[in-house]
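See structure below.
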Amino acid sequence: MSKNPNLIVPRNYKPLLGVIETEHAIKALKDFVELNLATELSLSRVTAPLFVKGGTGINDDLNGVERPVSFPVKDISGVRAEIVQSLAKWKRMMLGELGTKPGYGIYTDMNALRPDETLDNTHSIYVDQWDWERVITPADRNVEFLKKVVRKLYTILKRTEHFVFERYPAIRPELPEEITFIHAEELRSRYPKLTPKQREQCLLRECGAAFIIGIGGDLGDGTIHDGRAPDYDDWSTPTPGGRKGLNGDIFVWNPVLQMAFELSSMGIRVDKTAMLRQLKIRGCMERKKLFWHQKLLNNGMPLSIGGGIGQSRLCMYFLRKAHVGEIQTSLWPDEMVAACRRHNIPLL
């Protein structure tokens with residue numbers, strides 16, 4: 001193990017692919033996933049913004065505490081632009097502007113900056129993901145529809161695993177045939193004395209792939225499993241069995257890092273009722289006056305389901321890499337770079 005508390009160093013780690021071979025594999029893998037995502041969910045590609053106008057509520061607040069990178073625009077007086085943190089809310093606005101019909105949607109190749117991330121094996125300042133959003137009907141706002149879409153995404157993961165194995169036989173398939181569904185409250189009840197991260201670790205070591213439902217909503221002991229902004233995912237709507245929430249995260253077991261590994265955050269998005277309820281729960285009702293929130297309250301956007309799939313994360317998992325810096329070029333603490341060099345982890 002490394003002396004850096006944020007760095008995991010697998011024992012006797014040796015990359016299965018060299019740097020140039022990895023670069024070729026990244027391109028092939030990304031092209032394959034993008035085509036399958038568009039086909040499986042009936043999505044059309046659109047161009048993503050790198051920055052949006054600040055003060056509109058369009059940028060993703062993530063957990064509500066992360067600072068977006070911002071800058072003034074010389075030729076537009078009084079405007080401050082923000083580098084996107086994700087496109088969770090922008091995509092839904094685009095669905096409305098494009099007049100997209102139920103059952104169809106959009107995806108985009110998103111690049112973002114998150115300077116407040118804690119840098120480790122899986123987190124970087126630079127974030128690249130496929131952001132997707134699909135129009136749904138009122139009848140689709142239920143857990144069974146959510147699970148149906150998750151299974152479609154898991155089918156893509158299984159297909160990708162086979163795609164990689166055919167080209168690089170040293171990378172053996174690891175994913176189970178089926179993904180396990182569990183609510184965050186059920187997970188808490190199963191492991192009441194563990195932290196949420198420890199619960200994920202126990203679950204994924206056991207099942208290999210899971211979708212944890214209800215991320216962001218209050219659990220029975222007053223805690224939350226993990227943070228989620230109040231104005232895109234619906235984590236508060238009551239569901240059967242006394243549960244709440246129509247969102248969640250896809251996790252797999254990472255055999256290199258020996259840890260639960262998040263690949264995607266997604267969910268059915270808030271309707272007007274859920275958004276107002278969640279703004280109240282989080283104590284930020286003032287947001288309802290913002291441009292994006294007013295657009296939703298005035299029926300300017302359709303009901304939708306959507307999420308993000310980490311591109312570097314996905315490549316890191318399927319190519320069996322120990323550090324996201326083996327997939328993307330970013331900035332890392334000097335001591336982390338030195339430790340990776342000592343332990344045969346080639347950061348780009």
Name the residues in the stretch 275-317 that are open to solvent by less than 10 Å² (accessible area, probe 1.4 Å), within 21 Å of PRO238 (Cβ to Cβ) and not hydrophobic (A, V, I, L, M, F, W, C), would you? GLN278, SER304
Restricting to the stretch 122-174, name every residue that is within 30 Å of PRO68 (Cβ to Cβ) and free of Cβ contacts under 8 Å to residues at least 12 places away in the same chain. none
Do any strands (runs of 3 or more DSSP E) entirely within the stretch 171-273 hold 2 or more residues that are open to solvent by less than 10 Å² (accessible area, probe 1.4 Å) and of a type outside the set (S, T, N, Q), and if so, which? 209-213, 247-254, 259-268
Does the stretch 219-237 contain at least one residue that is small (Gly, Ala, Ser), touching a residue at least 60 places away in the same chain (Cβ under 8 Å) and within 22 Å of HIS293 (Cβ to Cβ)? yes
What pairs can you find where one residue is in the stretch 31-60 and farther than 13 Å from LYS89 by Cβ, the other is of a type outside the set (S, T, N, Q) and open to solvent by 70 Å² or more (accessible area, probe 1.4 Å), and their Cβ atoms are less than 7 Å apart, with a gap of 6+ or different chains? ASN36/ARG159; ALA38/ARG45; SER42/TYR104; GLY54/ARG80
Based on what the data block shows, is LYS193 at pLDDT 95 or above and of a type in the set (Lys, Arg)? no
Taking the stretch 169-225 and keeping only residues that are farther than 18 Å from TRP235 by Cα and touching a helix residue (DSSP H, G or I) at 6+ places or on another chain (Cβ under 6 Å), one is left with ILE171, PRO173, LEU175, ILE179, THR180, TYR191, ARG199
Given the criteria among the charged types (D, E, K, R), surrounded by 13 or more Cβ atoms within 10 Å (Cβ to Cβ) and under 15 Å from the mean Cα position of the chain (by Cα), does GLU117 qualify? yes
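The values are calculated or read from the model by the stated rules, or taken from the named source; none is laboratory data. Values in this document were obtained by computation on a predicted structure and should not be read as measured data. For neighbour counting, all protein chains shown are included, and Cβ atoms are generated from backbone atoms with ideal geometry for every residue, glycine included. Remember, those area values only see protein heavy atoms, side chains included, never the ligands or the DNA or RNA. Shrake-Rupley method; radii C 1.70, N 1.55, O 1.52, S 1.80 Å.
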